[in-house]
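For reference, the structure discussed in these notes is given below.
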Amino acid sequence: MALWLVRHGETQWSLSGQHTSFTDLALTPDGELQAVAIGKLLAERGFDAVLSSPRQRAARTAQLAGFGDQMRITEDLCEVDYGEYEGLTTHKIWEREPGWQLFRDGSPGGESPETLQGRVDAFLAEVDSMGTNVLLFGHGHCFRAIAARYLGVPISAATALRLDAGSVSILAPERDGPSVLLWNRRVPPRAVLVADLAMRVPHVRS
């Protein structure tokens, strides 16, 4: 089973670096353009299942990418619950808890690394029977946890996996085991505009 991970397009808090879990932010205009561009990138691909987090930034990305009719919402793809750290940047958290790492320390009042690992493991077991290619729309820290557990390493290893908004990643089985085929391919928000403008430019005959 190959997993295609699409982190939602840009939001105001992804721009500012604020931790966003249950706060249900909309995409920015550039985030919407990213979603459309991602749709163009994936348009020729066939997927056996398409799943999305219920948060509007993820579901809207799926819709704008052209997968709204196939999309099934699942709570399993919700972002990690940051508890008291919701809305704070990492630097603000470090002022309170120097050296804090989400996948090692968790968040006060939020989801522990052990609980997150259990959630992710159960999700991976469920999607394993959904087909050869499964497309997921969701969030950065949740996807980093999914990647670590897909590869069979401790969830703490997710700390090393940066994942930007508006990016596409692919996890797939290879001859030697689960592998990362593509990671954090960020789709520029203006890519779709450039492509559309290029199509509209009349051809000049010499």
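A short reminder: the numbers here are calculations on the coordinates, not readings from a lab. Predicted, not measured: the structure shown is a model, and the values here were computed from it. Every residue, glycine as well, gets a Cβ built from its backbone with ideal geometry; the counts of neighbours run over all protein chains shown.
When ranked by the protection proxy of mean other Cβ atoms within 10 Å per residue, highest first, what sequence do the peptides 2-10, 47-55 form? Working shown, then result.
On the way: 2-10: 25.4, 47-55: 20.0.
Highest to lowest by the protection proxy: 2-10, 47-55.
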- Note on the structure: Summing -39500 (n - 2.57) over every DSSP H run of at least 4 residues in the chain and dividing by its residue count gives a helix-only mean residue ellipticity at 222 nm, to the nearest 500 deg cm²/dmol, of -10500 deg cm²/dmol
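Taking the Cα centre of segment 1-121 as the origin, how large is its charge dipole in debye, to the nearest 20, when only Lys and Arg (+1) and Asp and Glu (-1) carry charge on their Cβ atoms?
Working: 11 positive and 19 negative charges, 71 e Å.
It comes to approximately 340 debye.
Based on the mean of other beta carbon atoms within 10 Å per residue, what is the order of 98-107, 172-181, most packed first?
On the way: 98-107: 15.8, 172-181: 11.6.
Top to bottom by mean Cβ count within 10 Å: 98-107, 172-181.
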- Helix 29-42 versus the longest principal axis of the chain: what is the Cα-based angle in degrees, 0 to 90, to the nearest 10? 70 degrees
- Message: Under a Cβ-only charge scheme (Lys and Arg +1, Asp and Glu -1), can you give me the dipole magnitude of the chain about the Cα centre, in debye to the nearest 20?
- Response: 900 debye
